[in-house]
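Scroll down for the structure; my scribbles are underneath it.
No value in this document is a laboratory result; all are computed from the given coordinates. As the structure is a prediction and not an experimental result, all values here were calculated from the model. Cβ placement follows ideal geometry from the backbone for every residue including glycine, while neighbour counts extend to all protein chains displayed.
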Amino acid sequence: MDFEEVIEYYSRPLVRKEIADYSRGRWVAIECMPQGEQRFFLRYWMRDGPPLSISKTEDVGRVLHRFGRLKPRTLYGSVNVYSKLGTVGDTEKESNIAYASPIWDIDGQVERWKETILVADVIARKLQAEGISKSVFVKWSGRGAHVHVHEKAFSKNLLSKHNPLDVAYSMVEYVCRLIKQDLAKVSDRLGERDLAPKVENKVDLKRVFTAPLSLHRELDLCAVCLKPDQLGDFEIDWAEPQVLKHNEAWREYAEGEGDRLAEKALKEVGTYFTTVQPRSKPLGERRPLQATLETGGSKTGKIGRFQVMALLQAARYFILMGEEDRAKSFGLNRAIFYAWAKRKGVARPPPRRTVPKGHEVARERTEGKTLVYIGNEGAYTSEDGWYTIGEESQLPRDYDKQIVSKIDPILPYQHAWSSALQYLRGFPKSDLLDQSKFFNEVYKPVRDEFLEEVVERKA
């Protein structure tokens, strides 16, 4: 679809209504169409301005007009629904979270969409067995699917005792554990375990998911919603813009039907603000980078500098940009670069630049290549947007092979990732935007002290 077709699609009253109703109270993010080799991901109305938000149908048109020169294509909404979204600080206050949506992310492949639907059905059945049925809906995301529990499926009494994000995180994590054997059976049926869709808990303070009826960022498919009893009938063409078979009943919920599962999950898993991102401490009280998990035994170990650099650089990118796959590419790219510089005894980085206040990324062409700056640290990218050194691109799967597989034997990678995010969020944003400060004040103090304390937890 060209941009004119995108604009025409988003001018449909149904599309605008569905996006606006879902986005109301959420922190909105926009991904723009690639412009040559450039891609833009927007989360604020203006430099140093308020977070993007959509509260009524006219706001969809307002967003398209405001950023028209960048060609907006895909709209996302945060996991959290906030009481107010007037300033950047509103997105950081846990007390400002009014609701949070439990969402299971199914990472599939468009040509294997039937397998993704099988996995979505496994999750929906498990939720139904736990007493949640009316509040569940499935959203086709383009290449995979998201299974949602409506954020208002919990009683006011429960939410008065637990932060909504704690509830969402623990519920998703708990169900992911419950369905492991069921997913293994699906993989065995498919006969290709490595290609089977994966279910992930991506619930996070700043995480966003595709809004209903938004276009996919690359595929000409829409995020259509359906209820669990429609899974057996679903066809991939439902998501085509000219077909758009979409169930508006995603709005339905039964207040309180999620309470029993939420209580079980909170007891078994713990909360987001204790297991993933403990409450903020003053900057002078930063702890060494460490992680905790539930296990039947304990072990400690040291992760090499290469892995620490890649992990922290990826976390740095994610905090600033909010894109996990690009973060992996950037993290591995920077780790390779610094390792090369150390071996050669001299670094020849791309030219540094002064960062305009509020800017997190900039792009420019130099020597026939695209140079992307994260703050004032530049790295080259390939035509498809992956970070590259020489002619070799660093892909997410390369990061998984060189970083994730090395960390996992010491502790589950997700815990290392969460701990890295926690650690970096203790620094001012200016340190993350500055190459020298990041290397000397963020990375160096922990490069040899990345000790994982593994503590057995009892339910």
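A few remarks follow.
- The simple Förster model, with R0 at 25 Å and r as the Cβ-Cβ distance, assigns Lys84 and Leu42 a FRET efficiency of 0.80.
- Estimated inter-spin distance, Arg24 and Thr274, nm [label 7 Å along Cα→Cβ]: 3.5
- Full extension of the chain segment joining Arg125 with Glu111 gains 2.6 nm, where the gain is 0.36 nm per residue of separation less the Cα-Cα distance.
- Gain on full stretching of the segment that runs from Glu240 to Met1 - 0.36 nm per residue minus C-alpha separation: 84.9 nm
- Of Lys93/Lys429; Lys328/Lys429; Lys84/Lys429; Lys134/Lys161; Lys114/Lys139, pairs whose Cα-Cα distance is over 18 Å: Lys328/Lys429; Lys84/Lys429; Lys134/Lys161
- log10 of Debye I(q)/I(0), alpha-carbon scatterers only, for segment 3-272 at 0.16, 0.17 Å⁻¹: -1.26, -1.39
- Straightening the chain between Lys429 and Ser155 buys 95.0 nm, computed as 0.36 nm per residue apart minus the Cα-Cα spacing.
- Alpha carbon centroid spacing (whole Å) that separates segment 1-76 from segment 323-337: 27
- Size descriptors for segment 397-453: radius of gyration and Dmax over Cα atoms are 12.6, 34 Å.
- Going by neighbour counts of Cβ atoms within 10 Å, the residues Ile410, Ile117 line up, fewest first, as Ile410, Ile117.
- In segment 59-157, one over the average inverse separation of all distinct C-alpha pairs is 16.0 Å, which is the Kirkwood hydrodynamic radius.
- Each of Ala341 and Lys56 was given a label point 7 Å from its Cα along the Cα-to-Cβ line. The distance between the two points is 5.1 nm.
- Local electrostatic count at Lys264 - Lys and Arg +1, Asp and Glu -1, tallied over other residues with Cβ under 12 Å: -2
- Arranged from fewest to most other beta-carbon atoms within 10 Å of their beta carbon, Val88, Val60 become Val88, Val60.
- Val446, Val208, Val243 arranged by Cβ crowding within 10 Å, fewest neighbours leading: Val243, Val446, Val208
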